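*Asks:* Let me give you the structure first, and then I'll get to my questions.
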Protein chains: 2
Amino acid sequence: MNIGQAAAASGVSAKMLRYYESTGLIPTAERTDAGYRVYDRADVNTLRFIRRAREFGLSMARIKLLVSLWQDRERPSREVKRIATEHVAELRARIAELTAMCDALDALAEACHGDQRPDCPILRDLEAGAEPDRSRIISPVASRSRTGTAG
Amino acid sequence: MNIGQAAAASGVSAKMLRYYESTGLIPTAERTDAGYRVYDRADVNTLRFIRRAREFGLSMARIKLLVSLWQDRERPSREVKRIATEHVAELRARIAELTAMCDALDALAEACHGDQRPDCPILRDLEAGAEPDRSRIISPVASRSRTGTAG
DNA sequence: GGTGGGGCGTCCCATCATGGGAAGGTCAAG
DNA sequence: CTTGACCTTCCCATGATGGGACGCCCCACC
């Protein structure tokens, strides 16, 4: 089967097929004399596995691990579970972040009249912390300590 | 103040300051004779506004709109509210997506023994929809090399 | 045996916001 | 004048994906 057919059969785009191959997620496909990639049903199954894993939001790195575990009949389910659990934890963290943003912004939006008047609690919140035109913001010593990153 | 001081005072990195300038989010900064960018307290306030807006997960495009609304004393709060509401809707949609992923994967992980045995509901779910392939998922072990993953 | 349309190949670019780093100029303190 | 911190611009990388250009290939149709 051609790349287009494998793509249609698996639900993974041909573009992604080439990309997955280039990153080593799937093995290098056989080629016809003309250089066309050739796939079989087993490849399509792997691709479906990958697509399904992507639907869980798993990263390529984790999917790579899962695929090799999947193809290893001796795998300990512990390994699989660990990967899934890590991902769930990350999803939960992300959800918590987004929920905090969402709740805060929604509260602000609820408090906003939303009419032709310029007064707006959203903007008032956003500009909070902006120093009014008082004295200098930076102290003479301030520029020294640049503590690492801020994620 | 120069870019490093403005960065420290605003919480926006110098790198991002240049980037925001290049994309037109903030106006082109004045320069010293040597070419150094110069900022004042008003710039720092704008930067803080931007940083705060970023904390709500707003896109640069929406922040650009918000900044111009913020600086327009005649703005209708309706405009601001609309932007916030759109973003809240997108956040909710994203949260729903992530929550669905999270719940589904978590259920699978919960059902997984997580021991040394190879049987695993997570992998079984992932391979669901894969066409049966003559009783085997991958071709006979001896013929195909496993592309020496080793890691 | 031609030919045309569509599939395939590679390579480059863009996303979105951010950081890393190199090469070279500038400033301020010693 | 030296030194070191800071500034400049430019390039690259992220993560997964799509878009597009250009050129070759394949097959059906005549």
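Each value in this text was obtained by applying a stated rule to the coordinates, not by laboratory testing. Computed from a predicted model, the values in this text were never measured in an experiment. Backbone-built Cβ (ideal geometry, glycine too); neighbour counts: all protein chains shown.
*Asks:* Cα centroids of segment A:75-99 and segment A:1-53: how far apart, whole angstrom?
*Replies:* Each part reduced to its Cα centre gives a spacing of 27 Å.
*Asks:* Another question, if that's okay. Compute, for segment B:1-127, the length of the dipole vector about the Cα centre, with Cβ point charges of +1 (Lys, Arg) and -1 (Asp, Glu) only. Units Debye, rounded to 20. Don't jump to the answer; show the numbers that get you there.
*Replies:* Values: 20 positive and 19 negative charges, 174 e Å.
About 840 debye.
*Asks:* Still on this structure: Karplus couplings for segment B:8-21 from phi (6.51 cos²θ - 1.76 cosθ + 1.60, θ = phi - 60°), rounded to Hz, Gly and Pro as x?
*Replies:* Result, rounded to whole Hz: 5, 6, 9, x, 9, 5, 4, 4, 5, 4, 5, 5, 4, 5.
*Asks:* Using the 10 angstrom Cβ neighbour count as an exposure proxy, how do B:C112, B:C120 rank, fewest first?
*Replies:* B:C112, B:C120
*Asks:* Convert 25 °C to kelvin, take the viscosity as 0.890 mPa s, use the Kirkwood radius over C-alpha pairs of segment B:1-113 as Rh, and evaluate the Stokes-Einstein diffusion coefficient in µm²/s, rounded to a whole number.
*Replies:* 149 µm²/s
*Asks:* Given Cβ point charges of +1 (Lys, Arg) and -1 (Asp, Glu) and nothing else, what value in debye, to the nearest 20, does the dipole of segment B:74-114 about its Cα centre take?
*Replies:* 340 debye
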